[in-house]
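For reference, the structure discussed in these notes is given below.
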Amino acid sequence: MIKINENYLKLQASYLFSDIAKRVADFQAANPQMEVIKLGIGDVTRCLPKACIDAFHKAVDEMADDRTFRGYGPEQGYPFLREKIAANDFQDRGADISADEIFISDGAKCDSGNIQEIFSSNIRIALPDPVYPVYLDTNVMAGRTGGFKDGRYEGVYYLDSTRDNGFIPQLPKEPVDLIYLCFPNNPTGAAISKDKLQQWVDYARENKALILYDAAYEAFIRDDSLPRSIYEINGAKEVAIEIRSFSKSAGFTGIRCGYVVIPKTCIAYDDKGSKHGLHSLWNRRHTTKFNGVSYPVQRAAEAVYSQEGKQQCKERIDHYLRNARLIRNEMTALGYECTGGDNSPYIWVDGKTDSWSFFDEMLEKAGVVCTPGAGFGKCGQGYIRISAFNSFENVKKAMSRIREALG
Ligand code: PLP
């Protein structure tokens with residue numbers, strides 16, 4: 001008899017974005033004349049940088065000629081891209097990461113979901129609340145949690161991120177093995193300081209734990225004192241894996257490219273307590289289950305690191321950060337406490353009321369769509385996330401409507 005993985009039955013249906021879509025559709029049907037402005041979803045709105053498009057086109061043309069055609073590439077990614085990443089994203093910032101410690105992938109969602117496969121099912125995970133939901137759900141699927149009770153899974157150590165701790169969670173008070181951290185954070189927009197991140201690295205070293213550091217939004221960091229990579233922190237190379245994405249930094253949400261960094265010094269243990277390198281374990285997994293990102297996409301990603309590419313990416317991020325500044329200033333002026341928006345495309349707004357009520361008020365009174373914070377975890381209740389991914393004109397219009405409706 002064929003049987004299912006019953007862990008899937010523990011998963012909570014994610015109604016968040018379908019609920020939002022339904023409420024928006026109902027509102028639109030009742031108010032056909034109203035132009036709804038969407039500041040909900042975390043997808044970029046600006047097109048790919050020209051440098052990337054040119055490289056993409058050129059690589060597609062290479063595929064049209066027998067002499068330059070490429071079939072299967074290295075599963076880990078082409079050296080031309082891995083070398084650029086190592087030099088620009090790490091070595092230039094004083095982080096000693098080499099090209100062969102980088103694994104190119106089709107995005108951070110897959111990586112953050114897949115990476116847990118190389119760990120025992122018998123470990124305790126710790127994850128921030130609120131946070132990007134993929135970390136939790138993939139561990140539920142893998143059987144690392146108990147059932148869902150009172151809004152949380154049994155067996156998981158939740159790292160509460162609240163106004164009281166500045167949305168940077170405290171170190172765990174009970175033993176944990178695999179720690180997910182995401183900075184700048186989705187959804188709170190909070191960014192972590194070097195000192196605070198050092199405390200997490202020290203904790204992992206002292207407790208033989210491992211940190212999975214999701215830096216999908218590092219390109220939004222403008223405060224130079226903040227770490228963009230966990231490998232800027234002393235001792236991190238033995239206890240941290242970093243996940244990155246070209247989605248938000250270069251607009252690759254539709255063409256898909258990201259990468260994982262696993263330093264060769266990064267270790268975990270077997271049941272007898274013997275050490276094992278995670279680099280070789282992931283290499284085995286990746287080469288068995290993945291056949292590489294397409295050549296034109298990797299050439300487009302490589303172009304991110306050209307002089308024009310860097311300039312064009314920066315211009316896009318500046319655009320979103322300008323939107324974010326406006327949103328944060330306007331919401332603050334209306335008396336709402338906000339975090340994020342300075343080193344992140346998300347503004348986390350304390351609505352001082354139920355998340356969904358605040359969402360409905362924004363939609364019905366201003367025709368603006370946001371995301372209810374409760375969809376990201378129990379600690380998100382009472383908050384909404386406003387995203388800066390839209391045109392400046394739309395953001396200006398949205399904010400003036402909100403000012404009129406809520407002011
Ligand atoms: N990690 C975080 C924190 C995210 O918010 C997202 C997407 O919104 C991702 C990863 C997924 O990125 P990708 O498009 O590379 O799969």
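The mean sequence distance of close C-alpha pairs (under 8 Å, at least 6 residues apart), as a share of the length of the chain, puts its relative contact order at 23 percent.
Rounded to the nearest 20, the Cβ-based charge dipole of region 53-306 about its Cα centre (Lys and Arg +1, Asp and Glu -1) stands at 260 debye. Quick check on region 64-114: take the gyration tensor over C-alpha atoms, sort the square-rooted eigenvalues as a ≥ b ≥ c, and tell me if it's rounded (a/c under 1.5), prolate or oblate. Oblate is the answer for region 64-114, as a/c is 1.5 or above yet b/c matches or exceeds a/b. For Ala51, what is the net charge nearby, where nearby means another residue's Cβ is under 12 Å from its Cβ and Lys, Arg count +1, Asp, Glu -1? Around Ala51, the charge tally is +2. Between the C-alpha center of region 346-380 and that of region 116-163 there is a gap of 24 Å. For Ala29 and Glu393, the difference between the fully extended length at 0.36 nm per residue and the C-alpha to C-alpha distance is 128.6 nm. With each run of n ≥ 4 DSSP H residues scored as -39500 (n - 2.57), what mean residue ellipticity at 222 nm is computed for the chain after dividing by its residue count and rounding to the nearest 500 deg cm²/dmol? The per-residue figure over the chain is -11000 deg cm²/dmol. Let me know the shape class of region 308-407, please: from the alpha-carbon gyration tensor, a ≥ b ≥ c as square roots of the eigenvalues, rounded when a/c is under 1.5, otherwise prolate if a/b is greater than b/c, or oblate. Prolate, since a/c reaches 1.5 and a/b exceeds b/c. Counting only protein heavy atoms and using a 1.4 Å probe, the accessible area of Val131 comes to about 10 Å². For the set Tyr8, Tyr15, the ranking by accessible area, highest first and with no ligand, DNA or RNA atoms included, is Tyr15, Tyr8 under a 1.4 Å probe. The listed residues His279, His286, once ranked by accessible area (1.4 Å probe) with the largest placed first, stand as His279, His286. Ignoring aspartates and glutamates fewer than eight residues from Lys10 along the same chain, the ones with Cα atoms less than 13 angstrom from its Cα are Asp137, Glu154.
Counting only DSSP beta bridges with both residues in the chain, the antiparallel share comes to about 60 percent. Spatially, region 49-111 and region 293-331 are offset by 17 Å when compared through their Cα centroids.
The alpha-carbon of Lys289 sits under 13 angstrom from the alpha-carbons of these aspartates and glutamates, leaving out residues fewer than 8 places away in its chain: Glu75, Asp106, Asp111, Glu117. With a ≥ b ≥ c taken as the square roots of the eigenvalues of the C-alpha gyration tensor of the chain, please select rounded if a/c is under 1.5 and otherwise prolate if a/b is larger than b/c or oblate if it is not? It is oblate, given that a/c is not under 1.5 and a/b is not larger than b/c. Using a cut-off of 23 Å between Cα atoms, the listed pairs Lys38/Lys248; Lys196/Lys272; Lys248/Lys314; Lys310/Lys396; Lys149/Lys173; Lys173/Lys275 include Lys196/Lys272; Lys310/Lys396; Lys173/Lys275 as exceeding that distance.
Taking amide H atoms as placed 1.01 Å from N in the peptide plane, the amide H of Val156 lies under 5 Å from those of Gly146, each 5 or more residues away in sequence or on another chain. Subtracting the Cα-Cα distance of Ser225 and Ser280 from their residue separation scaled by 0.36 nm leaves 16.5 nm.
The values are calculated or read from the model by the stated rules, or taken from the named source; none is laboratory data. Model, not experiment: these values are computed from the prediction. Heads up, the Cβs are rebuilt from the backbone with ideal geometry, glycines too, and the neighbour counts pull from every protein chain shown. We work out accessible area using only protein heavy atoms, side chains counted, and drop any ligands, DNA or RNA first. Shrake-Rupley method; radii C 1.70, N 1.55, O 1.52, S 1.80 Å.
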